[in-house]
Amino acid sequence: MAQTVKLSDELVEDAKRIAAVEHRSVPRQIEFYFRMALIAEENPDLSFSLIREIMKADAEDATEEYTFG
């Protein structure tokens, strides 16, 4: 269920700028960063790039057959 929350103008502007580059909506960009932050807090030894790769892999269709080579 969607809810309205108040965020600082600065945070929204930063998210808007990055969202445009990443081809996401502003709400999706904020959700993306929130999920990254959760994973980072739970796994402090993981790098940002590794967390992003894990999130990409999770987003891929798990039923799709992987072709090696």
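Descriptive notes on the structure:
- Couplings for region 21-29, taken from phi via the Karplus curve 6.51 cos²θ - 1.76 cosθ + 1.60 with θ = phi - 60°, read 5, 8, 6, 10, 6, 4, x, 5, 5 Hz in order; Gly and Pro are left as x.
- Dimensions of the chain based on its C-alpha atoms, expressed as ranges along the principal axes with the largest first, amount to 46, 27, 27 Å.
- Neighbour counting of Cβ atoms within 10 Å sorts the residues ILE51, ILE30, fewest neighbours leading, into ILE51, ILE30.
- Counting beta carbons within 10 Å around each of VAL12, VAL5, VAL21, VAL26 and listing the fewest first gives the order VAL5, VAL21, VAL12, VAL26.
- Whole-Å semi-axes of region 1-40's equivalent ellipsoid (Cα gyration tensor): 15, 14, 11
Every number here is computed from the coordinates shown, using simple stated rules; none is lab data. None of the values given here were measured: they were computed from a predicted structure. In this analysis, Cβ positions are derived from the backbone assuming ideal geometry, glycine residues included, and neighbour counts consider all displayed protein chains.
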